[in-house]
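Step one of this worksheet: look at the structure below.
The values are calculated or read from the model by the stated rules, or taken from the named source; none is laboratory data. The model shown is predicted, which means the values in this text are computed figures rather than measured ones. Ideal geometry is used to build each Cβ from the backbone, glycine not excepted, and the neighbour counts take in all protein chains shown.
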Ligand code: AMP
């Protein structure tokens with residue numbers, strides 16, 4: 001199963017991605033995690049993207065495309081994968097299609113977590129104050145949260161329309177408990193033959 005998990009910041013993508021990855025035995029590929037770990041280990045890539053992440057802006061399509069392209073070529077992708085946080089622009093859809101085409105693969109499903117903005121903002125703000133328990137991120141303060149939502153609406157939301165037209169978008173209600181949401185995703189994937 002080659003999957004994309006899609007949704008606004010605060011939709012619960014990271015949490016659900018871990019569950020899907022464990023249940024379907026496919027690697028969880030999070031561009032946000034990869035970029036944050038590059039920043040933390042102080043690599044050249046990390047130095048290039050640090051400020052962009054801190055501001056809540058998007059890293060360039062070419063840069064993130066290279067990171068994902070390299071990851072998709074690794075042998076552990078043979079059974080499938082779950083992309084989390086990519087593609088995030090319409091241009092990244094084309095970059096992904098090209099990378100998959102070169103490997104003789106295609107996307108099976110795009111799972112879109114649908115959560116009203118009021119709920120995502122509350123979740124992000126509570127993550128911002130989670131502080132000591134390790135859940136807080138450098139990009140989880142109020143000003144940056146607002147910026148990430150603007151970026152999402154302008155640049156990322158149109159991605160769902162493209163996949164809807166292709167007929168591979170599964171729109172999932174992302175409200176309720178973690179188990180509720182996972183149950184809906186599992187049903188949708190089973191219906192899709194996964
Ligand atoms: P995330 O953990 O998915 O919320 O990503 C955290 C940050 O990493 C984003 O706010 C962006 O700065 C950057 N990032 C992650 N994925 C992408 C992407 N596909 N394109 C551009 N920037 C990205």
May I ask you to verify whether residue 4 is closer than 21 Å to residue 154 by Cα, in contact (Cβ under 8 Å) with a residue 12 or more places away in the chain and in a strand (DSSP E or B)?
-> yes
Here the qualifying pairs (Cβ atoms under 7 Å; residues six or more apart or on different chains; first in region 21-40 and near the ligand (Cβ under 7 Å from one of its atoms); second not in a helix (DSSP H, G or I)) come out as 30/84; 30/85; 31/85; 31/86; 32/85; 35/59
Filtered residues of region 108-125 (kept if over 21 Å from residue 155 (Cα atoms) and not in a helix (DSSP H, G or I)) = 108
Would region 103-115 turn up any residue that is touching a strand residue (DSSP E or B) at 6+ places or on another chain (Cβ under 7 Å) and over 30 Å from residue 75 (Cα atoms)?
-> yes
Just give me the residues in region 41-60 being free of Cβ contacts under 8 Å to residues at least 40 places away in the same chain, near the ligand (Cβ under 9 Å from one of its atoms) and surrounded by fewer than 18 Cβ atoms within 10 Å (Cβ to Cβ), in sequence order.
-> 52, 60
Any idea which of 131, 85, 65 is more than 23 Å from residue 144 (Cβ to Cβ) and either modelled with pLDDT of 95 or more or surrounded by fewer than 18 Cβ atoms within 10 Å (Cβ to Cβ) (or both)?
-> 65
Over region 153-177, the set of residues in a loop (DSSP other than H, G, I, E, B) and either closer than 18 Å to residue 3 by Cβ or in contact (Cβ under 8 Å) with a residue 40 or more places away in the chain (or both) is 167, 168, 174, 175
What do you reckon, is residue 92 surrounded by 14 or more Cβ atoms within 10 Å (Cβ to Cβ), more than 12 Å from the ligand (Cβ to nearest atom) and part of a helix (DSSP H, G or I)?
-> no
